[in-house]
Amino acid sequence: MSDLSAGAAHPAQSFGAEVICVGTELLLGEILNSNAQFLAQELAALGIPHYYQTVVGDNVRRLQAAIAIACERSRLLIFTGGLGPTPDDLTTEAIADFFQAPLVERPEVLDDITQKYAARGRVMTDNNRKQALLPQGAAVLANRTGTAPGMIWEARPGLIILTFPGVPSEMQTMWREVAVPFLRSRGFGQAPIYSRTLRFWGITESALAEKVAPLFDLTHPTVAPYAGKGEVRLRVSAKAESEAAAMAAIAPVVEQIQQIAGADYYGQDDDTLASVVGQRLQRAGQTLSVAESCTGGGLGSFLTTVPGSSRYFWGGVVSYDNSVKESLLGVNPDDLANSGAVSATVAEQMAQGVRSRLGTTWGLSITGIAGPDGGSAEKPVGLVYIGLAGPKTQVTSHRFLFGASRGREWIRWLSICSALDLLRRQLQEP
């Protein structure tokens, strides 16, 4: 198939897609398989059924065994990885050999690779010629940002193969610019799936699931729960001819969920606790400063991931040592001696101190024991106090016990998000 639009169109519903990610580094856990996640989301958006994912190492025999299985159960095979110039880049060779198709050097691909090397002031080495080899009859899936092209090939009637390099930025560009238009031309994406993701903090997945249980029986739209990094999410999805039609079906269900969840609902889609807090501070014309101990600047860092955060976030103090708590935040040394740095009174004084010294509307503090050492029977690893000082001179503290089993970074992350959630709920009140 040399013409991307050639061949009889197959109805999209007759196809199941399978993603095959190639690379021993994936099996060893050396890199995160973000390509599989991206492709899963994209296939769902196109309304293409996606039933299987496979990860296989850089081994021709095992890769061909995976292809044999995939051919029997799927009609759209999407490969990522193994398209480079090194000996362990075996994807194209393994596919061609499996379907008994000769590899043919494509001069236009070779010219493209040569020009890209020249543009970088480098000379193409001989091993890069390997990237210009494609099975006879396959079309080039152009890669404008890298040297490894992919292919689009109808290897058998009704069986389409797409290959992509493993570099996520290259793969994503090729998918959007070439693969999606091709798939649409072959009948895919006529009734894509649109989703809205609702985000919650302060409630467990099981508790939220119990509250909204009747909604899980809906068939259009559908509601599905999933959790990640301490928050709970509900995905509301609908298949429709247009995004407007899908969102019209989704909207009343979203509204119902928001009413059921109340204050535990904090945002949707790309919202984060940092961005939501920032929006509310900005609307109220208010400002924030932070004082951190066990999170080591993580709270301030999370806040500044939001573009424009300088309009409401003025800065912070990382006060690991008690001398910093005393000198910069005004914490009473007697309270540090008697109650310890991890205590309600110190959290309150840290919040009030940073608010006063930086002159902000709100002061938010975190002090705790993130571990792995430093805990005791009275104050175990995972004990965290969060202080909040507000504009009406009110100062409060909140005690959390996150537990030691999940590790230091998990405790730090839960502390950061819990602190922002406390402020969010205050900003939500009239």
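In this simple spin-label approximation, Phe216 and Val123 carry label points 7 Å from Cα along the Cα→Cβ vector, and these lie 6.5 nm apart. Placing unit charges on each Cβ (+1 for Lys and Arg, -1 for Asp and Glu) gives region 1-152 a dipole about its Cα centre, and among Leu133, Cys71, Asn35 the Cα reaching farthest toward its positive end belongs to Asn35. Within the assembled protein chains, the solvent-accessible surface assigned to His50 is about 50 Å², based on a 1.4 Å probe. Accessible surface area normalised per residue over the chain is 46 Å², counting heavy atoms of protein chains with a 1.4 Å rolling probe. Based on the Cβ-Cβ distance from Tyr226 to Arg176, what FRET efficiency comes out when R0 is 30 Å, to the nearest 0.05? Given R0 = 30 Å and the Cβ-Cβ separation, E is 0.75. Taking Cα centre as origin and charging only the Cβ of basic (Lys, Arg, +1) and acidic (Asp, Glu, -1) residues, the dipole magnitude of the chain rounds to 660 debye.
Label positions at Ala377 and Glu93, each projected 7 Å from the Cα along the C-beta direction, are separated by 6.5 nm. I'd like the orientation of helix 408-428 relative to the chain: the angle between its Cα long axis and the longest Cα principal axis, in ° from 0 to 90, rounded to 10. With both axes taken from Cα atoms, the answer is about 70 degrees. Centre-to-centre, using Cα atoms only, region 224-265 and region 316-357 are separated by 41 Å.
The long axis of helix 273-284 is offset from the longest Cα principal axis of the chain by roughly 60 degrees. For Gln131, the shell of other residues with beta-carbons less than 13 Å away shows a net charge of -4, using +1 for Lys and Arg and -1 for Asp and Glu. Dipole orientation for the chain: of the candidates Ala179, Asn143, Ala240, Ala240 has the Cα lying most toward the positive pole (charges on Cβ; Lys, Arg +1; Asp, Glu -1). Could you work out what % of the accessible surface of the chain is carbon and sulfur, using a 1.4 angstrom probe and leaving DNA, RNA and ligands out of the count? So the carbon and sulfur contribution to the accessible surface is 51 percent. Ordering Gly374, Ile113, Thr80 by Cα displacement along the dipole of the chain toward the positive end leaves Gly374 in first place; charges were set at the Cβ atoms of Lys, Arg (+1) and Asp, Glu (-1).
Each label was represented as a point 7 Å from its Cα along the Cα-to-Cβ direction; for Leu328 and Arg62 these points are 4.9 nm apart.
When Leu281, Leu90, Leu358 are compared by accessible surface with a 1.4 Å probe, the order from highest to lowest is Leu358, Leu90, Leu281.
When Met174, Met124 are compared by accessible area at a 1.4 angstrom probe, the order from most to least is Met124, Met174.
In region 67-173, what trypsin sites (Lys or Arg not before Pro) fall in a loop by DSSP, with at most 15 other Cβ atoms inside 10 Å? Provide the component values of the computation, followed by the final result.
Working: sites: Arg73, Arg75, Lys116, Arg120, Arg122, Arg129, Lys130, Arg144; in loops: Arg75, Arg120, Arg122, Arg144.
Here the sparse-neighbourhood loop sites are Arg120, Arg122, Arg144.
Charging the Cβ of each Asp and Glu at -1 and of each Lys and Arg at +1, and nothing else, the dipole of region 227-379 about its Cα centre rounds to 320 debye. Looking at the chain alone, DSSP beta bridges between its own residues are antiparallel in about 60 percent of cases. Counting only Cβ charges, +1 for Lys and Arg and -1 for Asp and Glu, the dipole size of region 35-88 around its Cα centre is about 160 debye.
In this view, the solvent-accessible surface of Lys211, computed with a 1.4 Å probe and all protein chains in place, comes to about 100 Å².
Rounded to the nearest 10 degrees, the angle from helix 243-261 to the longest Cα principal axis of the chain is 30 degrees.
The values are calculated or read from the model by the stated rules, or taken from the named source; none is laboratory data. A quick note: this is a predicted structure, and the numbers were derived from the prediction, not measured. Positions of Cβ are generated from backbone atoms using ideal geometry, with glycine treated the same way; all protein chains shown enter the neighbour counts. Surface areas here come from the heavy atoms of the whole protein model, side chains and all, with no ligands, DNA or RNA. Shrake-Rupley method; radii C 1.70, N 1.55, O 1.52, S 1.80 Å.
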